[in-house]
Amino acid sequence: MAAKTINITLKIWRQKNCNSKGNMETYTLNDVSTASSFLEMLDQLNEQLINDKKEPVAFDHDCREGICGMCSLYINGRAHGPDNGVTTCQLHMRMFEDGATIYVEPWRSAAFPVVKDLVVDRSAFDRIQQAGGFVSVNTSGRTMDANAIPIPKEDADKAFEAAACIGCGACVATCKNGSAMLFVGAKVSQYALLPQGKVEATQRALNMVRQMDDEGFGNCTNTGACEIECPKGISLDNIARLNREFLKASLVSNK
Amino acid sequence: MSILDSKIPAGNISDKWTDYKDHLKLVAPNNRPKIDIIVVGTGLAGASAAASLGEMGYNVKAFCFQDSPRRAHSIAAQGGINAAKNYQNDGDSVYRLFYDTIKGGDYRAREANVHRLAEVSSSIIDQCVAQGVPFAREYGGLLDNRSFGGTQVQRTFYAAGQTGQQLLLGAYSALSRQIGLGRVKMYNRHEMLELVKVDGKARGIIARNLVTGELERHSAHAVVLASGGYGNVYFLSTNAMGSNVTAAWKAHKQGALFANPCYVQIHPTCVPVHGTNQAKLTLMSESLRNSGRIWVPKKKEDAEAIRSGKLKPTELKEEERDYYLERKYPAFGNLVPRDVASRAAKEVCDEGRGIEANDTNEGVYLDFSTEIKNKGKQAAYAAGDHNPSEEKIITLGKKWLEEKYGNLFQMYQKITDENPYETPMKIYPAVHYTMGGVWVDYNLQSSIPGCFVTGEANFSDHGANRLGASALMQGLADGYFVLPYTISNYLADEIRTGKISTESSEFEVAENNVKSQIDKFLSNNGTKSVDYFHKKLGLIMWNKVGMGRNAQGLQEAINEIDQLKKDFYIDVYVPGSNDELNPQLEKALRVADLIDLGQLMAMDALQRKESCGGHFREEYQDAEGETLRDDENFSFVGAWEYKGDDIKQEQLHKEELKYEFIKIAARNYK
């Protein structure tokens, strides 16, 4: 699988800020190594733009190894591009043919306003987390011993799979309803599956769902697109669990 | 007498922290809301500190440059976190964790700090489990452990290959709770660009809102820097693209001494470099060394054949392979500490036996075929099949690997387009962690009163080499269990101070300094991008201040960086304006500080005429190529004092390291 180089055409969304109108711009880029990641390709484009004294393309990125959740991008109509189980930083140029035209857009969702070019504001996710995505335990050094509560491996593994969500927002961007149910479902599930999370389960489900609605995310109609595009393979089961937790909470809550 | 007072309390090593803590001053709950604290950075050290201080009732403002505190680079830590729980009954104890960490650091860390770290390690796991962190468990429902380099016990707790993610999300959840309760105010997409001192004390920061470009003044009674390490001085590293030294460096320029900058950890297991447009390197967790065997061909000709694609690694017979770590270090084998494993990889590649077909031929194999057979057989037996076929063994063995390291194997395959279940992984050392950092005393306070530094940003616990799974431990120890006590002791004298004004001349001057630096960059009519200079800096650092260092190379590096710095300010081109999101401007401000730091690292490496841990001076090695420490002359922390724009004028101060409880010895893993 020796690396080769390809020439590509890019159609990239440019938008000065959240108040201005954006448009697609066309760029050609030559000698892109197929061993490069998609973001390294954008670095290469930006280097070319800077050398031509043009404004480089703004995009979010940080860890470049698929775990921080900062990179985004809608590539050829797919969140994180044409590969499965990867973030954009893990997408490699070997996925594209020589001479290809590649469309690059920001996440599109009412709850994720564009900051600039391909950068969007996902702080709504933080606010949902602040509404209930935690166990209320203070730092003390005097909690009980970590092995005091055995947790069945299966439950621990499922909780971990839900907790593997990186908060990138691909689920929202790819959902025709702009729903954040996969994100919220994953967090609610993680705690619902563990004994530590049970005490506050009712309040958590109600508060997180309320905040999710307040932020303007749409509802879930079970199309399943989110699961397909999730780079971490978060399962739709988590949405089902969220629905159960929310229903249970609504029934038992006296608020 | 040295100006460095480590403030290590007297007494027996195992009682120091408890006694000291019991006698620290407290701030009463009714007074805490009158006190403001700034925390810069929201990784493990910052998020845990901000959450804990918020819970205590202080007014906390937390800052991160990312779009959310959950993105901080602690999230990328893979392998695990150490704690002296002895759940596996293999003789572990606080003392052993303490001893292993001091030895792993090649006797260049402070005894008292390291012992405290080992003492609180157990509480960290308890705290995280209480928060709902889903650590890996055994079938009985209890926590699982694994081994890491430099130890002979299993004390590492983990969550698949995503331990850092799970721990950071735990700390982020605690932080989010405090933000929701209004006790912590969070500033996303903000970067600290200056530390403000009033009457000699740290009293605030100037931060740039990265979306609007606005410069903001924030005051506080104390400032906590938890801004991470400086590995990006090498351009290519396992750090995140945004990781930088700016917050720490601004404190340094304001008088905080910078300690042991030359101590850098080059991690042995990263995916090798693929080409010149590469932006970063990806780590493959050290935990893989539990299951993988590292080798290169015995013969140079075989290595050449492999590089040219004429020979496959799987075609090479057992006796034609050199499992060089197992050969050289039979006691620890593939689990020697990182610095030892990295140097050994460099050595075999320098001999021409590297297997990667890149510019430098640098790469070695990490092979899982033995483990596949062992674990597959075990799994078959466990399932009642005592005469399994070869095929079944291999299938079950691969399944075991997938469960243990699935995400890492997938990550590797995506990057390299090769299947590590079928053919050995290719790995090579890469810059990973920086042990040096802002000098702090036992209270984690820098030489500027009121400026505290935690996590990777300080220098205190890892000496000249950090053991695997110890960074997560230190970040959380500092933030959850050390800083809340020591900062309160400082703040007890601040309850009558009242709000700190941001209208003072000190804030005015600080803001103007930042503004003029930004204006200078934006109006500089240069021709080259920031990355152009950053890559040049990275090459100088990697070639001359990297895995092997010598006096001549270090002197050259110092001179070359001098020139690079001049060129940078003359010829850098920063597009765009200040009043918008401008990633190139952010980068320029960071690279300016990395250039200064790079020069100081070379100076520090030059003055340290010995080899220890990650600092390998080619002039100081024994007959077998192992590090040769000089305890008589270099058993000290080297802390540098800023003396103005010319870094070469910085002054070295020495804090002598005293070993009262551990007998200092040659570090031996054979």
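Results, tabulated for the structure shown:
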quantity	calculated
Filtered residues of the range A:76-91 (kept if at the interface with chain B (Cβ under 7 Å from one of its Cβ atoms) and buried (at least 23 other Cβ atoms within 10 Å of the Cβ))	A:Q90
Options A:R64, A:R108, A:R122; residue that is facing chain B (nearest Cβ under 7 Å), in contact (Cβ under 8 Å) with a residue 40 or more places away in the chain and under 21 Å from A:P231 (Cβ atoms)	A:R122
Yes/no for B:L117 being open to solvent by less than 20 Å² (accessible area, probe 1.4 Å), among the aliphatic types (A, V, I, L, M) and either facing another protein chain (nearest Cβ under 10 Å) or touching a strand residue (DSSP E or B) at 6+ places or on another chain (Cβ under 7 Å) (or both)	no
Residue ID - modelled with the lowest pLDDT, chosen from residues in the range A:1-30 that are over 24 Å from the mean Cα position of the chain (by Cα) and within 9 Å of another protein chain (Cβ to nearest Cβ)	A:M1
Complete set of residues in the range A:95-110 that are of a type in the set (A, V, I, L, M, F, W, C) and surrounded by fewer than 22 Cβ atoms within 10 Å (Cβ to Cβ)	A:M95, A:F96, A:A100, A:I102, A:A110
Residue that is open to solvent by 10 Å² or more (accessible area, probe 1.4 Å), away from chain A (no Cβ under 14 Å) and either touching a Ser or Thr at 6+ places or on another chain (Cβ under 6 Å) or of a type in the set (S, T, Y) (or both), where the choices are B:T276, B:T314	B:T314
Qualifying residue in the range B:516-523 (condition: among the basic types (K, R), open to solvent by 40 Å² or more (accessible area, probe 1.4 Å) and part of a helix (DSSP H, G or I))	yes
From A:A131, A:A111, A:A146, residue being more than 25 Å from A:N46 (Cβ to Cβ), among the aliphatic types (A, V, I, L, M) and in a helix (DSSP H, G or I)	A:A131
Breaking point among (1) open to solvent by less than 30 Å² (accessible area, probe 1.4 Å); (2) touching a strand residue (DSSP E or B) at 6+ places or on another chain (Cβ under 8 Å); (3) assigned to a loop (DSSP other than H, G, I, E, B); (4) of a type outside the set (D, E), for B:V27	(2)
A:L73, sole failed condition from (1) surrounded by 21 or more Cβ atoms within 10 Å (Cβ to Cβ); (2) free of Cβ contacts under 8 Å to residues at least 12 places away in the same chain; (3) of a type outside the set (G, A, S)	(2)
Residue among B:G161, B:G182 that alone is more than 9 Å from every other protein chain (Cβ to nearest Cβ), more than 24 Å from A:E154 (Cα to Cα) and part of a loop (DSSP other than H, G, I, E, B)	B:G182
Residue within the range B:75-93 that is within 24 Å of the chain's Cα centre (by Cα), at the interface with chain A (Cβ under 7 Å from one of its Cβ atoms) and either touching a residue at least 40 places away in the same chain (Cβ under 8 Å) or within 23 Å of B:V39 (Cα to Cα) (or both) present	yes
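Yes/no per residue for (1) open to solvent by 30 Å² or more (accessible area, probe 1.4 Å); (2) among the charged types (D, E, K, R); (3) within 30 Å of B:D106 (Cβ to Cβ):
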site	(1), (2), (3)
B:A344	no, no, yes
B:V348	no, no, yes
B:I355	no, no, yes
B:N361	yes, no, yes
B:A379	yes, no, no
B:H386	yes, no, no
B:E402	yes, yes, no
B:Q413	yes, no, no
B:G437	no, no, yes
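The values are calculated or read from the model by the stated rules, or taken from the named source; none is laboratory data. Being a predicted model, the structure only gives us computed values, none of them experimental. Reconstructed Cβ throughout: ideal geometry from the backbone, glycine too, with neighbour counts over all protein chains shown. The area values use the complete protein model at the heavy-atom level, side chains included, leaving out ligands, DNA and RNA. Shrake-Rupley method; radii C 1.70, N 1.55, O 1.52, S 1.80 Å.
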